[in-house]
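One structure is given below, encoded as structure tokens.
The values are calculated or read from the model by the stated rules, or taken from the named source; none is laboratory data. A quick note: this is a predicted structure, and the numbers were derived from the prediction, not measured. Ideal geometry is used to build each Cβ from the backbone, glycine not excepted, and the neighbour counts take in all protein chains shown.
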Amino acid sequence: MEFSTLLEERRSIRDYAPDTSVSAEDIKKMIYAAQQAPSWKNSQSGRYYAVITPELAETLRTTCLPEFNRDRTVGAAGYIVTTFKSGNAGFRPDGTQTDALGNGWGAYDLGLQNENLLLKARELGYDTLIMGLRDEARLREMLSIPDDEIMVAVIAIGKRASNPDKPKRRDIDEIVKIF
Ligand SMILES: Cc1cc2nc3c(=O)[nH]c(=O)nc-3n(C[C@H](O)[C@H](O)[C@H](O)COP(=O)(O)O)c2cc1C
């Protein structure tokens, strides 16, 4: 798919078609795409927990998401919980922070990875919703996520049931200064 088409077609989807599934093979293709992103000293600190077994995905939806996102992901085929290893990106080998951003660099790297993942999902015919609102403690318990990983977003994966309008973007001149 043409890159510009892919960029335009990706939307945050909050209305999923029922009875869809996502294979482990396709999940690995998405994670492979994520892995191609640049990262601080190639530290590759992102980690992924994919829940695609229907009963487990339903348990995640109903017990680990607040109502707002629970309702918007009915019919989603699966979820990917994204984390990154704390103290890697943005840190020296002796464990000290390189600058004031600290683990912010790990979050930056994970965001780069996650966008690749979303675009690959779309190329494979899936739709996604990044969710910052989630029950971290329940997800950690359900998926045995270690304490040295910082949890960031949960990404729902499924197939769109309707086509939402594109949320308006700011005018480019509002966000860029070219010198
Ligand atoms: C870090 C982050 C957290 C988000 N959390 C949520 C969320 O909890 N629930 C939700 O419905 N959308 C969430 N979104 C989706 C945004 O609302 C959406 O990306 C934005 O409105 C632009 O729409 P688009 O993705 O269709 O271009 C989140 C997006 C990001 C990047």
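Things to note:
- Of everything in the range 39-83 that is more than 18 Å from the chain's Cα centre (by Cα) and within 20 Å of GLN113 (Cα to Cα), the residue that is surrounded by the fewest Cβ atoms within 10 Å (Cβ to Cβ) is ASN42.
- Which numbered condition ARG92 misses (of (1) touching a residue at least 60 places away in the same chain (Cβ under 8 Å); (2) over 15 Å from the mean Cα position of the chain (by Cα)): (1)
- Among the residues listed as ASN116, ASN103, the single one being surrounded by fewer than 22 Cβ atoms within 10 Å (Cβ to Cβ), within 30 Å of ASP19 (Cβ to Cβ) and either among the hydroxyl-bearing types (Ser, Thr, Tyr) or under 18 Å from the mean Cα position of the chain (by Cα) (or both): ASN116
- From ILE155, ILE130, residue being among the β-branched types (Val, Ile, Thr), closer than 21 Å to PRO38 by Cα and surrounded by 20 or more Cβ atoms within 10 Å (Cβ to Cβ): ILE155
- Close pairs (8 angstrom Cβ cut-off, 6 or more residues apart or separate chains): at pLDDT below 95 in the range 147-171, within 13 Å of the ligand (Cβ to nearest atom) and assigned to a strand (DSSP E or B) anywhere: none
- Considering the range 28-81, and only residues there that are out of contact with any strand residue (DSSP E or B) (no Cβ under 9 Å at 6 or more places or on another chain) and of a type in the set (Ser, Thr, Tyr), the residue that is nearest to LEU139 (Cα to Cα) turns out to be THR63.
- Close pairs from the range 124-139: first in contact (Cβ under 8 Å) with a residue 24 or more places away in the chain, partner more than 14 Å from the ligand (Cβ to nearest atom) and assigned to a loop (DSSP other than H, G, I, E, B), Cβ under 8 Å, at least 6 apart: GLY125/LYS159; TYR126/VAL22; TYR126/ALA77; TYR126/LYS159; ASP127/LYS159; LEU139/ILE145
- Extreme residue, farthest from the ligand (Cβ to nearest atom), among residues of the range 133-153 that are out of contact with any Leu (no Cβ under 7 Å at 6 or more places or on another chain) and closer than 13 Å to TYR79 by Cα: LEU143
- Selection over the range 1-34 of residues that are within 16 Å of the ligand (Cβ to nearest atom), among the β-branched types (Val, Ile, Thr) and in a loop (DSSP other than H, G, I, E, B) gives a count of 1.
Residues checked against (1) under 17 Å from THR20 (Cα atoms); (2) more than 16 Å from the ligand (Cβ to nearest atom); (3) in contact with a helix residue (DSSP H, G or I) (Cβ under 8 Å, 6 or more places away or on another chain); (4) in a strand (DSSP E or B):
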residue	(1), (2), (3), (4)
TYR49	no, yes, yes, yes
THR59	yes, yes, yes, no
ASN69	no, no, no, no
GLY75	yes, no, no, no
ILE80	yes, no, yes, yes
